[in-house]
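Okay, so here's the structure we're looking at.
The values are calculated or read from the model by the stated rules, or taken from the named source; none is laboratory data. What you are looking at is a predicted structure, and each value in this text was computed from that prediction instead of being measured. All Cβ positions, even for glycine, are placed from backbone atoms using ideal geometry, and neighbour counts span all protein chains on display. Surface accessibility is based on the protein's heavy atoms, side chains included, excluding ligands, DNA and RNA. Shrake-Rupley method; radii C 1.70, N 1.55, O 1.52, S 1.80 Å.
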Amino acid sequence: MPGAQNAGKATISRAGELADAISSLGDSDGEIKRARACYDSLYALACDHASSADIRDRLICGALRLAACHARRSELSAIHDVRTHLQRYATGHPDDPGMRRGYCELSVTLCLEYARHGKSLEADATFEEIRDIAARHPTDRQLRSTLAKAIANRIATHCDQGRTREAQHLHRSLCALAEVPNSQPDTIHHRAIGSFNLAAHLAQTGASGKAIELYFDLASFTDTRRPSADLQDVLADAGFALITLFGDREKLAAAETIYMDLRQRAAASILMRQKTMLAAFNLMTDFCRDGAIGKARHIYDDILAASAQETANSEMALLHAKACTNLLLTADALDEEAHADLLCQELTALVAEWPDEPEIWEIAARLSTQDGA
């Protein structure tokens, strides 16, 4: 009788091997065919051992991995079929939270692919289905996290398509979701990503004030959570992106506002320090472009201090060399001879400290050629 067999360790192990095999295969026609065969075998095992939660878990894993394979090939109908297949199986297990979680995860993948291919109605319908399922199970923390991922994805899509109002509306719901007590770290992460994407979009579309406000909202959100390298990294990426975007649009006051906050956080993590220094370089270069050498020098001093603290960091030394060169050229163009001479001495010393770094030598050589010309 189907579903009446008890699953032993060997059968559970076989189910795990089939799920793993799917993720190990590539995207060629032959490999997709083998991945589908593995999934069909896994589905058959799950039907034969319907009482085994372990095999059901592996079936969900296999379905997600197969859907990911099809997503890489932009095969929307195949992803839809995998989801329908799992839904059909799930009808026999209405009380298994894993089945609805797996179905919603597949729906997130499908929704994202619909959006990427311009199928807005299908994407909206799939997203609403995820939201409805999550609403029926408000205490399911994992399902809440899946919903947060879906919302963050929709925010990014709305931003890409210029639908600012819709993105802001969803962002408010994402923020509320993240405030639910005992939310999983993934929910918090997706909230941060949603804020990052919306802030970047606002900066790109000229809404500088709102972008700055959203950045500081994200910073406050990060500060009020338990220390998290993941959140710090998202904030670092957001700060770097906004400073770069504002600089490209010659909104240097806005860029400086973000930078002054970011520099105070540089010690929080390695990525935060790296992003802060990269942002410093971009902002300093923008000030040089505008001839604001005083402000450029102030930013350069931050880079100089960071380089002095990381004497064994070749990437930091290279950034220092580039910053020194840009500032030197600006000083030279503004006929600030004493300042240019000082920077030239700093660059010469930096070359001497890094004799085995060809990129630093090349920067100095190019500068020497320009001086000679």
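Worth a mention:
- Count of the stretch 241-264 residues, restricted to those that are in contact (Cβ under 8 Å) with a residue 40 or more places away in the chain and either open to solvent by 10 Å² or more (accessible area, probe 1.4 Å) or among the aliphatic types (A, V, I, L, M) (or both), is 12.
- Restricting attention to the stretch 351-368, the residues that are among the β-branched types (Val, Ile, Thr) and surrounded by 18 or more Cβ atoms within 10 Å (Cβ to Cβ) add up to 2.
- With respect to the stated conditions, residue 108 is of a type in the set (Val, Ile, Thr) and closer than 20 Å to residue 184 by Cβ.
- Condition met for residue 348 (assigned to a helix (DSSP H, G or I), among the hydroxyl-bearing types (Ser, Thr, Tyr) and surrounded by 18 or more Cβ atoms within 10 Å (Cβ to Cβ)): no
- Within the stretch 116-136, tally of residues that are surrounded by 15 or more Cβ atoms within 10 Å (Cβ to Cβ), more than 15 Å from residue 77 (Cα to Cα) and among the hydrophobic types (A, V, I, L, M, F, W, C): 4
- When the stretch 216-248 is limited to residues that are out of contact with any helix residue (DSSP H, G or I) (no Cβ under 8 Å at 6 or more places or on another chain) and outside any helix (DSSP H, G or I), the one that is farthest from residue 285 (Cα to Cα) turns out to be 226.
- If you filter the stretch 334-345 down to residues that are assigned to a helix (DSSP H, G or I) and either more than 19 Å from residue 298 (Cα to Cα) or without any contact (Cβ under 8 Å) to a residue 40 or more places away in the chain (or both), you find that the one that is nearest to the chain's Cα centre (by Cα) is 343.
- If you go through the stretch 151-180 and keep only what is at pLDDT 95 or above, open to solvent by 30 Å² or more (accessible area, probe 1.4 Å) and among the β-branched types (Val, Ile, Thr), you end up with just 164.
- Residue pairs whose Cβ atoms lie under 7 Å apart, sitting 6 or more positions apart in sequence or on different chains, and linking a residue in the stretch 347-360 that is farther than 10 Å from residue 314 by Cβ to a partner that is open to solvent by 80 Å² or more (accessible area, probe 1.4 Å) and part of a helix (DSSP H, G or I), are 351/361.
- Selection of the stretch 269-291 for residues being closer than 15 Å to residue 326 by Cα, among the small types (Gly, Ala, Ser) and not in a helix (DSSP H, G or I) yields only 291.
- The residue list 52, 74 contains one member that is of a type in the set (Ser, Thr, Tyr), open to solvent by 10 Å² or more (accessible area, probe 1.4 Å) and under 30 Å from residue 157 (Cα atoms), which is 74.
- Selection within the stretch 278-333 - among the β-branched types (Val, Ile, Thr), more than 16 Å from residue 363 (Cα to Cα) and buried (at least 17 other Cβ atoms within 10 Å of the Cβ): 293, 299, 303
- Taking the stretch 90-138 as the range and being outside any helix (DSSP H, G or I) and within 25 Å of residue 159 (Cα to Cα) as the test, the residues that pass are 117, 118, 119.
- Answer from 69, 47, 61, 38 - the residue that is in contact with a helix residue (DSSP H, G or I) (Cβ under 9 Å, 6 or more places away or on another chain), surrounded by fewer than 18 Cβ atoms within 10 Å (Cβ to Cβ) and at negative phi: 47
- Residue within the stretch 14-30 that is hydrophobic (A, V, I, L, M, F, W, C) and exposed (fewer than 14 other Cβ atoms within 10 Å of the Cβ) present: no
- Tallying residues that are farther than 22 Å from residue 109 by Cβ and touching a helix residue (DSSP H, G or I) at 6+ places or on another chain (Cβ under 8 Å) within the stretch 145-170 yields 2.
- All conditions in (1) over 30 Å from residue 229 (Cα atoms); (2) crowded, with 20+ Cβ neighbours inside 10 Å; (3) modelled with pLDDT under 90; (4) not β-branched (Val, Ile, Thr) hold for residue 371, with the sole exception of (2).
- The single residue among 110, 106, 86 that is in contact (Cβ under 8 Å) with a residue 12 or more places away in the chain, surrounded by 21 or more Cβ atoms within 10 Å (Cβ to Cβ) and closer than 20 Å to residue 141 by Cβ turns out to be 106.
- Boolean, residue 253 is at pLDDT 95 or above, of a type in the set (Gly, Ala, Ser) and more than 25 Å from residue 156 (Cα to Cα): yes
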